[in-house]
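Coordinate-derived values only; no laboratory data. Every value quoted in this text rests on a predicted model; they were computed, and no experiment measured them. Backbone-built Cβ (ideal geometry, glycine too); neighbour counts: all protein chains shown.
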Amino acid sequence: MTAGFYPLPWHEGALGPLLASRSRLPHALLVTAPLGTGALEFGRALAGGLLCEGLKTDAVAGACGQCPACQWMQAGNHPDFRFVGLDGEGPDELGDAAAEPEESALASSREQNVSPAISRGKSVRTRPEIRIDAIRSLGDFALTGARRSGQKVVLISAADRLNAAAANALLKTLEEPIAGMIFILASEAPARILPTVRSRCVTVALAAPSNAVAREWLLSAAGLEPNAAQRMLDAGGGAPLTARAYTDPIRYEIYQSAQSAIASLPDADLLEVAQRLEGLEPLLWVNVLQRWVEDLARVAGGIQPRSKGTELRQLTSLAARSNLQALLDCAQQLLRFRRSVDHPLNPRLYAEATLRVYTQAFRAAKD
Ligand SMILES: [Zn+2]
């Protein structure tokens, strides 16, 4: 999809009030959203709206898309805008960062042009990070005056991936606000951001869209049939941008291999399943596992799970073999494992230990 500095449908309600008070916004905003639902897209729509010179005030507030500022934004050369992201990530690649953890795993597998099943044993790529040079490069931008409307905007994608040096450099900048300059930090994993950085920002916490809204968007954004759209949404745990990434057959195949490996437990041999997962980037399958456990807990608690279709039957029979408390404990423990997901010392042992937490939820229920 081409660049659009327009809000996603489920973000329109949150964007309007911010733009309406755009001359009085704090100097640093932290935009957070559930994984795969578009924190960066919102940041981009906000940046576009802040710089737009013909701001719309009608039903759907946002950038006009026609003024010189909007045209520069679309061309990626507005003089009062800077984007800081991961290597290879651009401000106009809508959606790519939103599904980021899985995307990087998927991209990695694609670069190697191997199917996930045979990538086993390859070293797992280190997670990319934002380095200090990227923050230092904003120095000149901060010193020069705004060229157009008086406001300068810096959008930082995946703010949770600032490494320690970059985060500290940013912190210094945030501690001494520069008149007319606003920082928008976007993150779908805000708990990973340095608390001192977080505390310097005013948080804008976005909600995930309903299934109906997500599906409707997916129908038009990816041109899918309703059933296919729902299948992708299920795969993405209800997150529309993750779902859209899964419309790529290679990506979907990787998801499926992680999903089927996890769903084969607790009956399959844990060590064999760990071996199957080892070749995938841990963040990918840990996400799938977390969603799976959350859905199991929903079923055990009598709530509709996010997954539908064929997985529903499996969830129902598995949930009956565990119980709500055991599954909630499991979900809690998985959060801990999630924290060390970036750099597991030994991917195989990490997979085994994580899966053991999952299978424990079934043993605990029996005891
Ligand atoms: Zn405009």
Query raised in the report: Ranking Ser157, Ser260 by Cβ neighbours within 10 Å, fewest first, what do you get?
Result: Ser260, Ser157
Query raised in the report: Contour minus end-to-end for Glu253 and Gln71, with contour as 0.36 nm per residue of separation and end-to-end as the Cα-Cα distance?
Result: 61.7 nm
Report task. Rounded to the nearest 0.05, what FRET efficiency do Glu225 and Leu312 give with R0 = 25 Å and r taken as the Cβ-Cβ distance? Could you check? Result -> 0.80
Query raised in the report: What shape does the stretch 253-367 take by its C-alpha gyration tensor, where a ≥ b ≥ c are the square roots of the eigenvalues and a/c under 1.5 counts as rounded, a/b above b/c as prolate, and the rest as oblate?
Result: prolate
Report summary line: Per the rule of 0.36 nm per residue minus the C-alpha distance, extending Ser149 to Ala205 adds in nm 17.5 nm
Report summary line: Taking a ≥ b ≥ c as the square roots of the Cα gyration tensor eigenvalues, with a/c under 1.5 meaning rounded and otherwise prolate when a/b beats b/c or oblate if not, the stretch 143-229 comes out prolate
Query - In nm, spacing of pseudo-spin labels at Ala179 and Ser264 (7 Å Cα→C-beta vector) - result: 6.6 nm
**Report entry** Neighbour-count ranking [beta-carbon atoms within 10 angstrom, fewest first] of Trp217, Trp292, Trp285, Trp72
**Finding:** Trp72, Trp217, Trp292, Trp285
Query raised in the report: What is the set of long-range amide H partners of Ala28 at a cut-off below 5 Å, with H atoms built 1.01 Å from backbone N?
Result: Phe183, Val202
Requested in this report: Scan around Leu162 for amide H atoms under 5 Å from its own, H built in the peptide plane at 1.01 Å from N, and keep only partners 5 or more places away or cross-chain.
Outcome: Ile130
Query raised in the report: Name the residues of the stretch 7-39 whose amide N is less than 15 Å from a point 7 angstrom out from the Cα of Ala212 along the C-beta direction?
Result: 10
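Neighbour counts of other C-beta atoms within 10 Å: give me Glu53, Glu188 arranged from fewest to most.
On the way: Glu53 13, Glu188 26.
With the sparsest Cβ surroundings first, the list reads Glu53, Glu188.
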Query - Net lengthening on full extension, Asn163/Glu53 (0.36 nm per residue, minus Cα-Cα) - result: 36.1 nm
